[in-house]
1. When the residues of the stretch 185-197 are narrowed to those that are touching a helix residue (DSSP H, G or I) at 6+ places or on another chain (Cβ under 8 Å) and free of Cβ contacts under 8 Å to residues at least 40 places away in the same chain, which ends up farthest from Thr4 (Cα to Cα)?
2. Condition check: out of contact with any helix residue (DSSP H, G or I) (no Cβ under 9 Å at 6 or more places or on another chain), surrounded by 24 or more Cβ atoms within 10 Å (Cβ to Cβ) and either assigned by TED's automatic domain parsing to the domain that holds Ile190 or among the aromatic types (Phe, Trp, Tyr) (or both). Does Leu7 satisfy that?
3. Quick one: which residue in Val13, Val82 is more than 25 Å from Ser220 (Cα to Cα) and either at pLDDT 95 or above or touching a strand residue (DSSP E or B) at 6+ places or on another chain (Cβ under 6 Å) (or both)?
4. Picking from Val58, Val52, which residue would you name as being within 18 Å of Ser441 (Cβ to Cβ), in the same structural domain as Gly135 (by TED's automatic domain parsing) and in contact (Cβ under 8 Å) with a residue 40 or more places away in the chain?
5. Please work out which residue is nearest to the chain's Cα centre (by Cα), limiting yourself to the stretch 102-117 and to residues that are in a loop (DSSP other than H, G, I, E, B) and within 18 Å of Lys53 (Cα to Cα).
6. Name the residue that is surrounded by the fewest Cβ atoms within 10 Å (Cβ to Cβ), counting only residues in the stretch 156-201 that are closer than 19 Å to Ser224 by Cβ and in contact with a Ser or Thr (Cβ under 6 Å, 6 or more places away or on another chain).
7. Of the residues Thr65, Thr32, Thr120, which is of a type in the set (Val, Ile, Thr), within 29 Å of Gly293 (Cα to Cα), surrounded by fewer than 23 Cβ atoms within 10 Å (Cβ to Cβ) and under 20 Å from the mean Cα position of the chain (by Cα)?
8. Quick check on this structure: which one of Glu204, Glu191 is within 20 Å of Tyr252 (Cα to Cα), acidic (Asp, Glu) and either assigned to a strand (DSSP E or B) or within 22 Å of the chain's Cα centre (by Cα) (or both)?
Amino acid sequence: MNITEKLISSHLVSGEMKTGSEIGLRIDQTLTQDATGTMAYLQFEAMGIDRVKTERSVAYIDHNTLQSGFMNADDHNYIRTVCKKHGIYYSRPGNGICHQVHLERFGKPGKTLLGSDSHTPTGGGIGMLAMGAGGLDVAVAMGGGAYNITMPKVIKVELKGALRPFVSAKDVILEVLRILSVKGGVGAVIEYGGEGVKSLSVPERATITNMGAELGATTSVFPSDRITRAFLKAEGREEDFTEIKADPDAKYDKEITIDLSALSPLAAKPHMPDNVEKVADIGKIKIDQVCIGSCTNSSYLDMMRVAAILKGRTVKEGVSLTVSPGSKQVLTMLAENGALADIIAAGARVLECACGPCIGMGQSPCSGGVSLRTFNRNFEGRSGTKDGKIYLVSPETAAVSALTGVLTDPTSAGFDFPVIKMPSEFLVNDNMIDPPAEDGSVVEVLRGPNIKPFPLNEPLPERLDKKAVLKVGDNITTDHIMPAGSKILPYRSNIPYLSQFCFEVCDPSFPERAKKEGGGFIIGGSNYGQGSSREHAALVPLYLGIKAVMAVSFARIHAANLINSGIMPLVFEDASDYAKIDEGDEITIENAPSQLLSGVITATDKTKGFTFRLKADFSEKQQKMLLAGGLINMMKGSN
């Protein structure tokens, strides 16, 4: 077996390991963050379970740390107290980004991890089967329920050679994105192997698995080997090590080979992570801003390389440089060894250990500004500046470019390459991770006035007679559907308020139109719902009365979130029918429940006078969810 099959087989609780069939997996660990966590814990409370049943569940405060009103602080108090009551560990604000901290302190090779954040696959860098999901799926896992997915294909990426100076792990995953595209990993796990793996540290592997989310992959995974063991030993957790490797005769559905020694510094140009080109070929464009950090590139190794490049130099006039260490552990070690002083002396603005600019939480670039970021997404408007031009680059490219004032290939800029060794011992201090109470019954859960009940759907009616209230194109992201940013994120626990921003990037008039029409259908192109795992991109359309999304294809997590909410994600049987339907067309589906169960739905566009067929390719459990109007309704009906 390959690594993926070994991890799945050891956690399989239902189904068969046959590609394309539904399987249920036992989940060992969960994580949430505060932008999705409030909703996940409200859903967990609704299940009536006193104590989580996982080996380890952790709540991180890392997204909504800008406290410009009471809302975020209230959410943090709610999460803190619900964790204390129900057996969940709580990572305080300032302790770091969920994926970086979880890798440092809790990740275990061979375990399953489910997180309410799409970059949970970071854990694959340490040999975990780590997957992003909607908050409701995480709540079910915390309650001891299985996580159901389609048995994925496995794509092997064979790594040869070793990276040249100033070429980094970020360039590896950008190359994979260039080859496979943002749709190339859908329905697959990306498994890394080959001699080149041995040259990559755990933080470098985690960078690669983290940004594998941009491929649309179920997850990505590396072997657990002596490099993994050394990392865990340095974290004081050597007992957590388990060797995991593919069998010599392991089979894969597809294989690609990347020669690490042949790679050059790369950049993803606006506005997609797969719009990749060599930095040297893009040319020396003037830049306005550089942001270094995020869950992709904020490790000790990344920060030390940045500090070494900046040491004794000054950021170019007209360039704003921000640096966000990924965890308190990283920040403290930088402070103790003097690297933090080098970063500050160069003119960088040091931000707190949080997601920050990556989710539009501050540091938006100037109008039309060019911003180089070591982040994972450069979707239009995600930075908070609608016409911002965001390029995704490595920390090395970012640091050198901040000094030159233009996008610069660091391999030809005349800088000495900083050789940084992984520490044999990290500075471990878990004083900002609060354990749960031994007796949760004595804990009072605090609920602020901004925390509203999550919306519930109704059972699927016999007849759906609604308008196409919105039509959008290909690669619509969850940022398009439900934007992030400092204006909106504080209201993640208030669906009615959030609803006014739904599809704001595409069509600001959509929310009012949907309300006026009493809901309706959304028509989408290919790869609808890519990007973040945020289930608000399903909950808000549910609140606005959306009954189905009819698209050419869907991203995995968003399709699952729609089903959890009782919204049908239907795929055009003939993709050309997408072009025939216009916004405002009246569409009817007769005998909806029986058609759903048949696997194919015939709909009628009454405005244009034609019928079209939609694939309703759902498992038996998914059918039950859609018929009941969502997962919560189905669970209530079975009790």
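The values are calculated or read from the model by the stated rules, or taken from the named source; none is laboratory data. Only a predicted model underlies this, so the values are computations on that prediction, with no experimental measurement involved. Reconstructed Cβ throughout: ideal geometry from the backbone, glycine too, with neighbour counts over all protein chains shown.
1. Val197
2. Criteria met by Leu7.
3. Details: Val13 fails: more than 25 Å from Ser220 (Cα to Cα).
None of the others qualify; the one that does is Val82.
4. On inspection, the qualifying residue turns out to be Val52.
5. Restricting attention to the stretch 102-117, the residues satisfying the condition of being in a loop (DSSP other than H, G, I, E, B) are 106-111, 116-117.
From the residues that got through so far, the ones that are within 18 Å of Lys53 (Cα to Cα) too are 106-108, 111, 116.
Numbers: Phe106: 19, Gly107: 17, Lys108: 20, Lys111: 19, Ser116: 8 Å.
Top of the filtered list is Ser116.
6. Applying the filter and picking the extreme gives Glu158.
7. Values: Thr32 fails: surrounded by fewer than 23 Cβ atoms within 10 Å (Cβ to Cβ); Thr120 fails: surrounded by fewer than 23 Cβ atoms within 10 Å (Cβ to Cβ).
None of the other options fit; the residue is Thr65.
8. On the way: Glu204 fails: within 20 Å of Tyr252 (Cα to Cα).
Residue meeting the stated conditions: Glu191.
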